[in-house]
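Read through the structure below, which is laid out as structure tokens, and then see the notes.
The values are calculated or read from the model by the stated rules, or taken from the named source; none is laboratory data. Keep in mind that what you see is a predicted model, and the values were worked out from it rather than measured. Because the Cβ atoms are built from the backbone with ideal geometry, glycine has one as well, and the counts that use them run over all protein chains shown.
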Amino acid sequence: MKSVSLDHLRHRGMQNIRIDFRFDDQLIQCAKASGAKWSQTNRCFYVENTAENLQKLFSVFKEKAWVDITKLKARQELFPKTILQKTRAAQKNFSKLSGEASARIKEFGNYLTGIRYSDQTAEIYVDMVRSFLGFCSPKKIEEITVADVERFNYEHILKNNYSVSYQRQVVSALKLFYERVPDCQLKIEDLERPRRSFRLPTVLSEEEVMSILKFTPNIKHKSILACLYSSGLRISELLNLRIPDIDVERMQIRVVRGKGNKDRVVGLSKMFLIILKRYAEGYKPVDYLFNGEDGGKYSPTSVRKILKNACDKAGINKKVTPHVLRHSYATHMLEQGVDLRYVQELLGHSRPETTMIYTHVTKKKLTSIRSPLDVILANTADMSEQSINEETRGLFLGAGKPDRKELPEVRLSGENNG
């Protein structure tokens, strides 16, 4: 029986269902009957990722082909429940675009490519401008004002719970777009970015990192995760690594065209090199250091899935992404006493302020700061260090048998409750 494989696909800023099958006229007609469109870029049919469309695919391919949803189900957790709401909101805006606006947006995309913006950034900016102009339709581009931007912010961004970083990117995209629109009513100097939120990065302990590697038996998967942590690479930088980028003689990894189109060099871990050699002997990669099943780059979604499976097996309940391994690398380097300036260079940060966020989560200096309660007790004449330890042990381990009615049970974070 013929087979059809379904997978996730992000295309034109939307979450879609990718439909793959060997060339077959009957299956092509079925795909079209489901409302699927052909993507020349991705070389596949696709439809909006909704439950209704999934059921429609099952219906049109029924008794004609086996529908394999293994990949679709495996990556389902990567997309939040709100994605459907966001997808429909963006699709609604896209559908309102006039032909003239679409042409101007295409020119904008070519402009971003011409000034060497990365493909990913150019695609994101184009989608943001497309969504904004569609939202403001039928107003012409030159007639749009700051009031329309504020309305878009309240009715589209905030209503659909987009992040502050997304909102800031929208302003950046509009500034770039409107600086090339003469005689427009929207003055780019009037566009204000919202204040950047401050959130501490999630960081794994050294023991948690080792547990993740321990519970990753596949040598290729172990090599990918070890590379991310041992060198602090971004996931895009990892997937773009080619075999010549590994310099064993100088124990270096060359990162070519990282974020901001900048090259840099990071250290090659001895332990990672051992794992890498075993991987290379077994898999014999060609061109890219980590090839996909059908050649070319390895999938970023597959990397996330590998990491999630390892965390589940290791019993790690934190929300861990590949970037968390980068956060952990930077934090552990600072805890080992590596100078902040060197860590900044290894991470490829343009500003030291970006790297300084890791100083807020390092435990080296924080754990050396004494609690004022401990200082007070230590300075009390009848409370020696030994008596404090004995008293504390009695309270937390039950040696003093405190009155349970007066003292609630205390459980420390991470304590084995079994």
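Some notes on this structure:
- Hits in region 29-59 - residues which are surrounded by 14 or more Cβ atoms within 10 Å (Cβ to Cβ) and over 23 Å from Arg10 (Cβ atoms): Cys30
- Scope region 118-162; condition assigned to a helix (DSSP H, G or I), among the aliphatic types (A, V, I, L, M) and over 19 Å from the mean Cα position of the chain (by Cα); matching residues: Val126, Val129, Leu133, Ile141, Val146, Ala147, Val149, Ile157, Leu158
- One residue stands out among those in region 192-223 that are β-branched (Val, Ile, Thr) and out of contact with any His (no Cβ under 9 Å at 6 or more places or on another chain): the one that is surrounded by the most Cβ atoms within 10 Å (Cβ to Cβ), which is Ile212.
- Looking across region 317-365, the residues that are closer than 24 Å to Ser236 by Cα and free of Cβ contacts under 8 Å to residues at least 12 places away in the same chain come down to Arg341, Tyr342, Gln344, His349, Arg351, Glu353, Thr354.
- Restricting region 229-252 to residues that are in contact (Cβ under 8 Å) with a residue 24 or more places away in the chain and among the aliphatic types (A, V, I, L, M), the residue that is farthest from Thr331 (Cα to Cα) is Ile243.
- Here Arg180 does not fit the description of being surrounded by fewer than 17 Cβ atoms within 10 Å (Cβ to Cβ), within 30 Å of Leu228 (Cα to Cα) and not assigned by TED's automatic domain parsing to the domain that holds Thr354.
- Selection from region 253-286 of residues that are of a type in the set (Ser, Thr, Tyr) and in contact (Cβ under 8 Å) with a residue 60 or more places away in the chain: Tyr279, Tyr283
- Matching residues in region 22-69 - criterion: being in a loop (DSSP other than H, G, I, E, B), among the hydrophobic types (A, V, I, L, M, F, W, C) and over 29 Å from the mean Cα position of the chain (by Cα): Phe23, Ala65
- Residue list for region 186-237, restricted to those being touching a Phe, Trp or Tyr at 6+ places or on another chain (Cβ under 6 Å), over 18 Å from Leu276 (Cα atoms) and part of a helix (DSSP H, G or I): Ile188
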